[in-house]
Amino acid sequence: MEKLVTLVPLFPLAGFLYITFFGKGFSKGFIGTLASSTILLSFIVSVLVFTTQMHGAHPAIVKVFDWITAGSFDIDFSFLVDPLSTIYLLFITGVGFLIHVYSTGYMHDDEGFNRFMAYLNLFVFFMLILVLGDSYVTMFVGWEGVGVCSFMLIGFWYKDMKNNDAAKKAFIVNRIGDLGLIIGMCLLFAYTGTLKFDDLFIGGSDASGIPGGVGTAIGISLFIGAMGKSAQIPLHTWLPDAMAGPTPVSALIHAATMVTAGIYMVARSSELYAYNEIASSVIVWAGILTSLLGATIALTQNDIKKVLAYSTVSQLGLMFVALGMGAYSTAVFHVITHAFFKALLFLGSGSVIHGMSGEQDIRRMGGLKKFMPVTHLTFLIGTIAISGVFPFAGFFSKDQIVAVAFEENKIVFILSLLVSACTAFYMFRLYFLTFHGKFRGTHDQEHHLHESPKSMTVPLMILAVLSVVGGFIGLPHAVGEQMGMHWHWLDHFLEDAVVMPSIHMSLSTEVLLMVIATIVALGSIAYAWTIYKKRGVLADEDKDMESSAQKLLYNKYWIDEIYDALIRKPVDRISHFLGKFIEPKIIDGIVEGTGSLTKNTGGIFRMLQSGSLSLYIFVFIIGLIAILLSL
Amino acid sequence: MQLFHNITVNHYLVLSSVLFGLGAFGVLFRRNAIIMFMCIELMLNAVNLTLVAFSKMWNHTDGQVFVFFIMVVAAAEVAVGLAILMMLYRNLHTTDTTVLNKLKF
């Protein structure tokens with residue numbers, strides 16, 4: 001049964017190859033159906049594989065082919081089928097399929113439709129390799145592959161230079177993280193002699209033999225890799241810019257799947273981190289700071305996709321908080337619920353942008369509720385889910401993270417509550433400004449306003465349902481018992497794959513925390529309601545009452561500008577110096593000097609070539625005689 | 001027959017070196033390309049003569065076989081060389097080597 005897993009990445013790869021090489025001339029409908037159905041097939045196989053794992057099948061390694069054999073270094077290209085990878089498979093292919101279907105509607109009028117679908121398929125292929133790989137090396141193939149696809153899709157509309165810049169930024173910032181990942185992998189190999197997950201962690205547990213200091217170095221290096229891919233401080237700057245890509249890309253790559261690769265990797269290495277205090281606390285603090293930074297910046301942004309992007313940064317930060325505190329399954333739980341509601345929100349925003357003829361500024365929206373009822377309702381569900389209102393998906397996963405923080409570190413606990421409050425506030429600010437009040441766009445836009453086609457609204461509806469019920473896979477004890485359902489189902493499912501935290505809190509504490517979280521969320525929502533709905537404050541007026549703090553947030557803490565001054569400008573200056581002085585004077589001097597030296601010596605020696613045949617023969621004979629005499 | 005018995009290999013060598021010397025001087029000092037060409041042939045044949053002489057002396061046929069090779073190569077060389085010379089003469093109406101110095105650099 002596990003052997004079937006090979007098919008899962010194969011379908012999208014086949015789709016990519018077919019569309020790339022034979023796709024020309026087919027109708028958009030055919031290409032869209034083809035691309036979507038490959039993902040659907042993958043999803044069906046994933047469900048089959050997942051079911052066997054759910055019924056207690058042992059983790060299996062499925063070898064695809066021999067890959068690298070060099071001395072003691074032996075890596076097969078093989079897939080690891082265990083609870084962690086199968087649950088990732090499930091939501092990558094599931095959410096991926098919905099987003100493919102959505103894209104057929106969203107990109108329908110785009111001239112690069114075939115290219116877009118091909119890239120999406122290729123992305124899903126690499127993402128599946130990433131989570132299926134049975135070693136760091138195989139995972140790295142997927143890791144780089146999704147990076148390339150992300151690059152190509154951010155710069156999809158390559159005729160606008162701004163998009164290309166964003167694509168390059170994403171790629172370059174990710175390179176920094178990847179370097180950390182490579183260093184971590186090399187260290188790991190140097191100390192254990194293997195990079196296979198089952199040798200390191202699951203069965204063999206070679207990782208336990210690593211000395212403490214090295215363990216910290218490995219943990220932090222690997223985390224730097226995760227920082228790049230999952231947009232954590234200080235490598236978070238690429239993700240908001242990545243919104244230059246088409247909206248389905250933002251939903252699939254920059255919210256639901258690729259950016260959670262860092263969380264996957266740390267969860268996969270949980271045995272490495274579980275016994276390493278320092279690396280873990282680095283993760284906690286990087287996570288909570290990123291989370292706060294993202295949440296506060298999102299409060300003041302006016303671009304609908306930028307708000308969601310910073311929200312993603314913030315939610316990823318929360319996931320890392322959970323990872324750093326040893327609650328690996330909780331982080332995965334939040335990854336899954338986040339994939340549902342953030343994909344929903346992005347697709348919803350895409351639907352809004354589609355209806356608004358490309359407008360992304362919420363200052364020019366408003367009152368869309370009556371024009372786009374389905375988008376409005378599903379967006380509202382997503383907003384409630386991310387804000388953490390009982391019993392939507394976001395509530396349970398976020399509550400679990402907050403609960404773990406409560407047990408482990410009170411400061412982080414307070415900060416995570418603050419993040420929750422900000423999240424609820426900025427999401428409802430976005431919601432009210434977009435869907436309520438009066439329409440503030442141009443007449444043309446108002447005339448053109450329409451609900452999106454079925455291919456876009458149906459995925460929205462499915463994701464909305466998932467955003468409501470998705471949390472039930474990890475019900476807390478107190479709620480689960482009341483409702484007569486399994487509680488902590490996900491934790492039990494992931495037991496064999498990741499290290500489990502030893503947190504046992506009393507039922508009353510659990511309930512109390514849930515009440516606090518709900519109060520915080522509802523309070524923020526009410527506050528957003530009074531400002532943006534009741535008093536009808538508009539984003540424009542925000543700017544009038546701009547304080548220095550708001551300015552700071554609106555400009556994203558000037559982090560891009562600081563990087564610009566600290567890194568880009570000096571590099572520019574050095575390049576300028578090298579280009580204006582070293583290159584023309586020294587390097588060109590050496591190269592051209594060699595040329596003229598040869599030319600001049602040649603000029604002297606060519607005088608010997610007189611053209612007189614008898615002289616040549618004379619010299620020839622003299623030489624011959626000289627040689628004969630010297631013998 | 002008696003007369004030929006007195007001729008030793010040394011005689012042949014002397015004759016050969018005289019012929020070779022003549023050829024070499026001809027190549028060095030004549031300006032007409034055809035004469036130079038004939039002198040080269042003379043040198044080749046001087047060498048052939050020594051080879052045949054030694055072959056007779058040691059009662060060994062290797063030297064004579066070698067001579068055939070040299071003659072074949074010389075014939076080929078003559079064919080090519082004369083063709084070049086003929087073309088030169090057709091175009092320039094001279095075979096004087098002091099005039100043919102235009103392909104220097």
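The values are calculated or read from the model by the stated rules, or taken from the named source; none is laboratory data. This is a predicted model, so every value here is computed, not measured. Because the Cβ atoms are built from the backbone with ideal geometry, glycine has one as well, and the counts that use them run over all protein chains shown.
Things to note:
- Segment A:152-164, residues that are in a helix (DSSP H, G or I) and surrounded by fewer than 15 Cβ atoms within 10 Å (Cβ to Cβ): A:MET161, A:LYS162
- Residue within segment A:386-401 that is at pLDDT below 85 and of a type in the set (Lys, Arg) present: no
- Residues in segment A:64-108 that are of a type in the set (A, V, I, L, M) and under 30 Å from A:TYR191 (Cα atoms) were compared, and the one that is surrounded by the fewest Cβ atoms within 10 Å (Cβ to Cβ) is A:ALA70.
- Only one entry of A:GLY394, A:GLY350, A:GLY367 meets the criterion of being more than 30 Å from A:ALA279 (Cα to Cα) and surrounded by 21 or more Cβ atoms within 10 Å (Cβ to Cβ), and that entry is A:GLY350.
- If only residues of segment B:21-34 that are under 14 Å from B:LEU100 (Cβ atoms) and in a helix (DSSP H, G or I) are counted, the one that is farthest from the other protein chains (Cβ to nearest Cβ) is B:ILE34.
- Among residues of segment A:541-560 that are more than 18 Å from A:VAL313 (Cα to Cα), those with a Cβ under 6 angstrom from a residue that is at pLDDT 70 or above, sequence gap 6+ or separate chain, pair up as A:GLN550/A:THR300.
- The helices (runs of 4 or more DSSP H) located wholly in segment A:165-253 that include 3 or more residues which are surrounded by fewer than 23 Cβ atoms within 10 Å (Cβ to Cβ) and over 24 Å from the mean Cα position of the chain (by Cα) occupy A:212-230.
- Selection within segment A:329-387 - outside any helix (DSSP H, G or I) and touching a residue at least 12 places away in the same chain (Cβ under 8 Å): A:MET356, A:SER357, A:GLU359, A:GLN360, A:ASP361, A:MET365, A:GLY366, A:GLY367, A:PHE371, A:MET372
- Looking across A:SER291, A:SER281, one residue alone is touching a residue at least 40 places away in the same chain (Cβ under 8 Å) and surrounded by fewer than 22 Cβ atoms within 10 Å (Cβ to Cβ). It is A:SER281.
- Filter pass, B:ILE70 being within 14 Å of another protein chain (Cβ to nearest Cβ) and either surrounded by fewer than 18 Cβ atoms within 10 Å (Cβ to Cβ) or closer than 24 Å to A:ILE621 by Cα (or both): no
- Within segment A:392-408, tally of residues that are β-branched (Val, Ile, Thr) and over 15 Å from A:SER314 (Cα atoms): 1
- Scanning segment B:74-85 for residues that are surrounded by 12 or more Cβ atoms within 10 Å (Cβ to Cβ) and more than 14 Å from chain A (Cβ to nearest Cβ) yields B:ALA74, B:GLU77, B:VAL78, B:LEU82.
- Test: residue in segment A:71-87 that is in a helix (DSSP H, G or I), under 21 Å from A:CYS149 (Cβ atoms) and either among the charged types (D, E, K, R) or touching a helix residue (DSSP H, G or I) at 6+ places or on another chain (Cβ under 8 Å) (or both): yes
- The lone exception for B:ASN10 - which of (1) more than 11 Å from chain A (Cβ to nearest Cβ); (2) not in a helix (DSSP H, G or I) it fails: (2)
- Options A:ASP134, A:ASP82, A:ASP110, A:ASP165: the member that is at pLDDT below 90 and touching a strand residue (DSSP E or B) at 6+ places or on another chain (Cβ under 6 Å): A:ASP134
- Criterion (polar (S, T, N, Q), out of contact with any Ser or Thr (no Cβ under 8 Å at 6 or more places or on another chain) and facing chain B (nearest Cβ under 10 Å)) met by exactly one of A:SER596, A:SER610, A:SER630: A:SER610
- Selected residue (only one of B:THR50, B:THR95 is among the polar types (S, T, N, Q), crowded, with 16+ Cβ neighbours inside 10 Å and within 12 Å of chain A (Cβ to nearest Cβ)): B:THR95
- Any hit, segment A:100-117, residues being touching a residue at least 12 places away in the same chain (Cβ under 8 Å), within 18 Å of the chain's Cα centre (by Cα) and under 30 Å from A:ASP199 (Cβ atoms): no
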